Structure formats: C-alpha cells, structure tokens
Amino acid sequence: MEGLVLGLDLCDAYTQLVCDRGEKTWTLPTVICRKKKEELWLVGEPAYASALAGDGVMVDKLVKLVTKDGTSTIGGIRYGGAQLMVQFLIQVLTLAKEEYGTEAISQLVFSVPKIEARLLKCLTSCGDYLGVEEKDIHVVSHTESFMYYVLSQKREVWNNQVGMFDLSAEGLCYYEMKVQRGLRQTTVVAERERLEEGFSLDILNTAAGGKMADRILCSCGNRLLQKKLFSSVFLTGKGFENRDWAAGFMKLICNRRRVYAEAELFAKGAVLRAEDLLREKSAYPYICICEGRLDSSVSMKVLHKDQDNQLMLANAGVSWYEAGAQVELILDGQDYLEFIITPPDQRKRKTVKIVLEGFPKRDEKTLRVLLEIGFLDERTMTVTVTDQGFGELFPSTGAVLRQEVML
C-alpha cells in the first residue's frame, strides 16, 4: 500500500489535517498538554479538558513559540518550542495513520500563514519523528495553498480575477489571484493583504456585534472588489462557518459573481500541492508567483564553448527555500560578477553588479571562483564567491565575498 498524502494547515489558533484518501478531515485547536503524573501528551480538545481538570499542563500558540525560539516548562522540564511542535505533530499525524491503518507517509505539505525561518527549519527537519523522509516534506504559504485550491477548480472559476476573505481568530485577510496569459507561458500571481479592519470573533455572539461586523466587511468588500472583474469570491475561516450575521456582505459579493465557502481551503490546497509533487509532470503548468516563491528569475551572461549563453541560476515561481545554485566560473579580465534580475514584466528587468573586492589580480582566464547563491526569502538573494585558485600556478588565497542582493 502506498503511503498517505497529507496536507496540514498549521496556525496558532487551529490545525486542520486533510488526506487524499477520503473526505474525512480533522480540525483541532493548536494546543498541547502533558499529564502531570505520566509521560502522556494530549492535543486539541482533550488537551483543554486535561488542563481544565487540573491534571495536565497546557501550552498554546505553538507556531509563535517556534518562531520566537521560546520555551515552556512542564513538570520541571524545560521544552523548546520546536520540541513541543514536534510532539504536537506526532499526535496529529497519528489521527490519519490510525484512520487508514498505515504508518507510511508519501508526501506531507504544511500550509502556514507566513513562512518564517525558524518555523521552516522546524517543519522540514522533523521527518525522523513523524515517519516522513525529509525530501517528502514541503512548506507553503496560505497564499500558495489558496492558489492551488483555486487552480484545481473548473476554469470558469478562475478565468478572471479571484478574491478571498479569510476571517479567523487571528484576524481578517484578503487574498487575490489573477492569471496573466503570455505567448509562451501563463503566469499566475496571488497576493495576501492583512486588513486593519479585522475584529474579534467574539462580537459575532451578539446581534449588535454581528451588524457592526457586517458593516465592516461591506466597507472592505466595496473597497477591494469595485472596478474589477471577478470570476469568483471565496470565503474561509471560522468567522464564516455561520454567515447569517453577514447578510449585507453576502448580498454585495454575490452580485454577478460565483461565491464559495470552504472551511478547509488551506489544508485542501496543501494536499493538492502534495499530490502534484508526486506526479512526473505537474498538473499546474504555470509560473506561480506568490508569497513563498521567487517573483523574479536570476541569470548571468557567460561564454561557453566560444558562444554567448545565459546561465539560469534561479527561476521565477520556484519556492525560495528550495532554490539555489552552485557553479564554478573563470573570469576573463573582469573583477566583478553581473546578475540579470528578470521579473514577470520583462520591461522591469535590471542588472546587479557585485565587485570582487579583496580578490587577487591575476592574468586573464586564471581567476577561478566558486559562486553559490541561496535565498533568505522571495526577494532577498544571498551571494557567496570563493577564490578557488588555478591549479598549482595560482593556489587559492582564501578570499571570500558574501553579499545580499534585493531582487
């Protein structure tokens, strides 16, 4: 039997788990509790119950704990945020393993509101504990999950622009996706905006609070949707589980638009991404630009076999934390490297020159360097250049240059 293919939406308030094998989904609060008298970990509602009963110690806001490199002391033992997150994930994935009677996981994709360095490291390096190979773990942003979910629908759903409102305990966010059709390839661009008009979901418990929330959303809808042609609008988040309080807002967004409500949209988008990773050829043959992916290509002009070539170092639409390149170069009478940064709109293409300060002056074609590039996020490239020497005639001086480049 093949392993499970899982999508997991991970937020401070809640966690949602979706498997490709059926309609069953799991939604639980992102909290963990350890029993005081025994080494037993509980998550979700059982964790709340144990803490309320006084026989366990509970920790919440696990995502923030990881990103802030925080700790929590339970039963005299100090746990790091990453340790608690791993324990939490072990318990969550056990739900799917027990449901489908297998320990094997073929692909696991996490969807998170924002990809933070510490959270990324924690999630991509915990495979040994979760029973997943590291190469089969991937992390995407909510924006990317939204993109995959929408693109999996019929073309008329996303033929024009697509909007989405996410109303959760963590705030109000607006997402927008548009398709740009080119002669050679289609580019899909998705963006997220955290709206200042966000409000606590507690106000929905009263009629007056619901009316105020409806007015707030109507104001947002008028500002964000007017003068644009939308194929569809999506609603997600706990605040939209019951939409009786939002009569005015629903009337506004349903005017000549398809409207869909999907509670597990981010988790389902993550599992769609997981399924696509297992295919030999992607079902989404587009350049996808969004949070978590590079929005520009990076290349260099080089001479190879006496012919001018463009050496591609990173492609637009690739996950920034998986992008990178390593190449050896021999410089011909120049003391600099020049990079070509090409966004989807090629009219905005630019070049960035890095002068190799501190490197030796040598005869033409005898300065050999190792170029390594990586990325800190979708807009920041790191460049490392190391003197490799040139045979026995010119041993390496050990010169190294490190620099960040804004795309």
- Output the relative contact order of the range 294-407, whole-number percent, from Cα pairs under 8 angstrom with separation of 6+ residues. 23
- Query: For the range 301-398, taking Cα atoms only, what is the radius of gyration to one decimal and the Dmax to the nearest whole Å?
  - Reply: 14.8, 46
- Message: With unit charges on the beta carbons (Lys and Arg positive, Asp and Glu negative) and the dipole taken about the Cα centre of the range 74-203, which residue among Ser111, Val179, Leu123 sits farthest to the positive side?
- Response: Val179
- Summed side-chain charge close to Thr351 - residues other than Thr351 whose Cβ falls under 11 Å, Lys, Arg +1, Asp, Glu -1: +3
- Message: For q values of 0.22 Å⁻¹, compute log₁₀ I(q)/I(0) with the Debye formula on a Cα-only model of the range 156-271, without solvent.
- Response: -1.34
- Task: Please state the charge dipole magnitude for the chain, taken about the Cα centre, from unit charges on C-beta atoms (+1 on K and R, -1 on D and E), reported in debye and rounded to the nearest 20.
- Result: 1440
- Note on the structure: Rh_Kirkwood(the range 8-53) over Cα pairs, Å, one decimal, evaluates to 11.7
- Where the convex hull is taken over the Cα atoms of the range 1-145, what is its projected area averaged over directions, in nm²? 8.6
- Message: Give me Rg/Rg_expected for the chain, where Rg uses Cα atoms only and Rg_expected = 2.2 N^0.38 Å with N residues.
- Response: 1.15
- Query: Convex hull over the alpha-carbon atoms of the range 115-222: what's its volume per residue in Å³?
  - Reply: 179
- Task: Can you pull a Stokes-Einstein diffusion coefficient for the range 269-346 at 25 °C (0.890 mPa s), Rh from Kirkwood over Cα pairs, as a whole number of µm²/s?
- Result: 165
- Estimate the FRET efficiency between Arg184 and Arg155 by the formula 1/(1 + (r/R0)^6), using the beta-carbon distance for r and 22 Å for R0, to the nearest 0.05. 0.70
- Message: If the elastic network links every pair of Cα atoms under 10 Å, which of Gly210, Gly163, Gly76 fluctuates the most in the Gaussian network model of the chain?
- Response: Gly76
- Query: For the pair Ala263 and Glu98, how long in nm is the line joining their label points, each one 7 Å along Cα→Cβ?
  - Reply: 2.1
- Item | Selected from Met147, Leu371, Leu235, residue furthest toward positive end of dipole (the chain; charges at beta carbon) | Leu235
- Once the other residues with Cβ under 15 Å from the Cβ of Cys254 are scored (Lys, Arg +1; Asp, Glu -1), what is the net sum? +3
- Return the FRET efficiency for the residue pair Lys37, Ile77: r is the Cβ-Cβ distance, R0 is 22 Å, and the value is rounded to the nearest 0.05. 0.95
- Return the lysines within reach of Lys135: Cα separation strictly under 29 angstrom, same-chain partners fewer than 8 residues apart disregarded; answer none if there are no such residues. Lys24, Lys61, Lys64, Lys68, Lys97, Lys114, Lys121, Lys268, Lys281
- In Å³ and rounded to a whole number, note down the convex hull volume per residue for the Cα atoms of the range 83-135. 84
- Item | Förster radius 41 Å - calculated FRET efficiency between Lys135 and Thr397 (Cβ-Cβ, nearest 0.05) | 0.65
- Query: Counting only protein heavy atoms, what percent of the accessible surface of the chain is carbon or sulfur at a 1.4 Å probe?
  - Reply: 46
- Item | the range 320-384 versus the range 123-185: alpha-carbon centroid distance in Å | 31
- Note on the structure: Mean accessible area per residue over the chain (1.4 angstrom probe, all protein chains present, square angstrom) is 52
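The values are calculated or read from the model by the stated rules, or taken from the named source; none is laboratory data. Because the structure is predicted, anything quoted here is derived from the model rather than measured. Glycine also receives a Cβ, built like all others from the backbone with ideal geometry; neighbour counts cover every protein chain displayed. The area values use the complete protein model at the heavy-atom level, side chains included, leaving out ligands, DNA and RNA. Shrake-Rupley method; radii C 1.70, N 1.55, O 1.52, S 1.80 Å.
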